[in-house]
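Student: Input: one structure, supplied below.
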Amino acid sequence: MLSLDSVSKQHGSQILFLEASMGAFRGDRVGLVGPNGSGKSTVFRMLMKEEAPDGGQVSIDRGVTLGYFSQDVGEMGGRTVLEEVTGGAGEVSEAAAELRELEQAMADPERMDELDRLVERFGEVQARFDQLGGYALEARAREILAGLSFREEVIEDDVGKLSGGWKMRVALARILLMRPDALLLDEPTNHLDLESIIWLEQFLRNFEGALIITSHDREFLNRLVTKIVEIDGGDMITYSGNYDFYEQQRAIAEAQKEAQFARQQAMLAKEEAFIARFKARASHAAQVQSRVKKLDKIERVQAPKRREVIEFEFRAPPRSGDDVASLQAVHKKYGDNVVYEGLDLLIRRKERWCVLGVNGAGKSTLLKLIAGESEPNSGQVRIGQSVKLGYFAQHSMEVLDGELSVIETLERDFPMSTMGTLRTLAGAFGFSGDDVEKRCRVLSGGEKARLVLAKMLFDPPNFLVLDEPTNHLDMATKETLVKALADFEGTLLFVSHDRHFLRALSDHVLELSPEGARAYNGGYGEYVVASGHEAPGVG
């Protein structure tokens, strides 16, 4: 259906691909993986003909339609959310627009002489519109928007009022409504809540065309993809199976390469030692020459590329009292919107609570109340004895000084630490080499989140309150964070849409719903079994 054959591509001095190949056929669900900057988005742009390869061939079968979702959604405004979605759904939207134009033309008295031609064309376009499912277009659009957590009143309102994250969802809905032959989705799970991710997963499972997708959500890839294409050092390597299977196969392949390299190095060392020992002896001249020629002919095995994983030992936090935080008969509302009516909760030392709930259920509000960033209308929120609280939310990134570099930020906050320690800390959160010299004002959202988390965990509080800490983090940084928090000796309260993160770190679940709050004694895995669903509101 679509393929890249022996493609080479260079950006400036950086070689992205060197005679690399991959393909996707109808029914394939391909996960595209690789470090940031390795060329994943470039693959999408080449398939969309937005960029040309320097060498090789990009092939797409005749008549194949592509739907491409990227993080750059462009300007939106002046139309309702529904109109924005239905108006950009590819050929079916174009047919709908032409039908409207033809209806106006047929009703225009000045164009009566063209009526036969207009009627004929209207019949052709109407048949194609019907074939594309145009008459069910609005119903399908509403279904997709509901799946992506849009409320009915928002669907009918101006799309220009939405935040950037919600506009991303509108752009994603538009692509899904297209029903193309192949979907190219670049990080579609960014900005989605857990319920929307689960809905999208099911939608894509039922998609019959070819799918190529990038995502930092491990569980999402595991449940969805049937093939992984890894971009590594200019090459594309295809593995059958999901993300976990790919990791296992890659580890086996790397171990084999290490063993092959070690065997050859041992053999070369032995031969070179013989040559060095006997090269001056005439009696061994023939043997020495024979071995020199043998070594010249040997094809040298390249030293395997080792993935640099920087481990960092985080400090133990001070001990808190046994009761870390409590809410008693808490009422909270915004205007007429009642969030809680008499909420009670007790969080004990070393417990790890994750908070689940549909949009508007009050997940972030709960964290703000406990962090002291919001006050209840009535009831009490108490923080226990000797509790040192650290709060991470998306706005935490706004407090970084834009003129300081990454390393200067760490030096300012931890003046007693050595430069080596701080560089190791930065490296553990993805800032290696010259990256530590970047000014905070030029950092991406993900880089800012990594820096704030690095600061928080270097001198850790004994009570961490984290609101979506994994947003925009790549898989390697998520694993660093999971490992750091798994070893964390304090108390955790967090909201996350990442199921791997939820499963790895929680031992208590608080489910918020319109019916009230319900606590589960057990982690996310036990919650799924006990409740019969993966998230509130999802069957």
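The values are calculated or read from the model by the stated rules, or taken from the named source; none is laboratory data. Given the structure is predicted, the values throughout are model-derived calculations rather than measurements. Quick reminder, even Gly has a Cβ in these numbers, built from the backbone with ideal geometry, and neighbours come from all protein chains shown.
Student: What number goes with the only condition from (1) out of contact with any Asp or Glu (no Cβ under 8 Å at 6 or more places or on another chain); (2) closer than 23 Å to residue 424 by Cα; (3) not in a loop (DSSP other than H, G, I, E, B) that residue 478 does not pass?
Tutor: (1)
Student: Here's something else I'd like to know. Just to be sure before I move on: is residue 67 assigned to a loop (DSSP other than H, G, I, E, B) and under 32 Å from the mean Cα position of the chain (by Cα) in the structure I sent?
Tutor: For residue 67, the condition - assigned to a loop (DSSP other than H, G, I, E, B) and under 32 Å from the mean Cα position of the chain (by Cα) - is not met.
Student: Also, quick follow-up: Given the structure, is residue 328 loosely packed, with under 12 Cβ neighbours inside 10 Å, more than 35 Å from the chain's Cα centre (by Cα), assigned by TED's automatic domain parsing to the domain that holds residue 507 and outside any helix (DSSP H, G or I)?
Tutor: Taking the combined requirement at face value, the residue does not satisfy it.
Student: So, in segment 1-28, exactly how many residues are touching a Phe, Trp or Tyr at 6+ places or on another chain (Cβ under 6 Å) and part of a strand (DSSP E or B)?
Tutor: 3
Student: Since residue 59 meets every condition but one in (1) in the same structural domain as residue 159 (by TED's automatic domain parsing); (2) surrounded by fewer than 16 Cβ atoms within 10 Å (Cβ to Cβ); (3) of a type in the set (S, T, N, Q); (4) in contact (Cβ under 8 Å) with a residue 40 or more places away in the chain, which condition does it not meet?
Tutor: The single condition residue 59 does not satisfy is (1).
Student: Scan segment 104-124 and give yes if some residue there is acidic (Asp, Glu), surrounded by 13 or more Cβ atoms within 10 Å (Cβ to Cβ), outside the structural domain of residue 147 (by TED's automatic domain parsing) and not in a strand (DSSP E or B), otherwise no.
Tutor: Within segment 104-124, none of the residues are acidic (Asp, Glu), surrounded by 13 or more Cβ atoms within 10 Å (Cβ to Cβ), outside the structural domain of residue 147 (by TED's automatic domain parsing) and not in a strand (DSSP E or B).
Student: Something else about it: List the pairs whose first member sits in segment 370-383 and is assigned by TED's automatic domain parsing to the domain that holds residue 395, whose second member is part of a loop (DSSP other than H, G, I, E, B) and charged (D, E, K, R), and whose Cβ atoms are under 9 Å apart, counting only residues at least 6 apart or on separate chains?
Tutor: 381/375
Student: Being in contact with a Leu (Cβ under 9 Å, 6 or more places away or on another chain) and free of Cβ contacts under 8 Å to residues at least 24 places away in the same chain is the filter here, so list the residues in segment 384-413 that pass it.
Tutor: Of everything in segment 384-413, those that are in contact with a Leu (Cβ under 9 Å, 6 or more places away or on another chain) and free of Cβ contacts under 8 Å to residues at least 24 places away in the same chain turn out to be 411, 412.
Student: Could you count how many residues in segment 458-482 are within 22 Å of the chain's Cα centre (by Cα) and in contact (Cβ under 8 Å) with a residue 12 or more places away in the chain?
Tutor: Pass one, segment 458-482, residues within 22 Å of the chain's Cα centre (by Cα): 465-482.
When the remaining residues are screened for being in contact (Cβ under 8 Å) with a residue 12 or more places away in the chain, the result is 465-478, 480-482.
The total comes to 17.
Student: Right, here's the next one. Identify all residues within segment 496-527 that are assigned to a helix (DSSP H, G or I) and either touching a Cys at 6+ places or on another chain (Cβ under 7 Å) or in the same structural domain as residue 197 (by TED's automatic domain parsing) (or both); write none if there are none.
Tutor: Answer for segment 496-527, where residues must be assigned to a helix (DSSP H, G or I) and either touching a Cys at 6+ places or on another chain (Cβ under 7 Å) or in the same structural domain as residue 197 (by TED's automatic domain parsing) (or both): 502, 524.
Student: So which of 262, 266, 280, 276 ends up being part of a loop (DSSP other than H, G, I, E, B) and over 35 Å from the mean Cα position of the chain (by Cα)?
Tutor: When all the criteria are applied, what remains is 280.
Student: Further question: Show me the helices (runs of 4 or more DSSP H) found entirely inside segment 137-178 where at least 3 residues are closer than 18 Å to residue 197 by Cβ and either small (Gly, Ala, Ser) or touching a residue at least 60 places away in the same chain (Cβ under 8 Å) (or both).
Tutor: 137-147, 164-178
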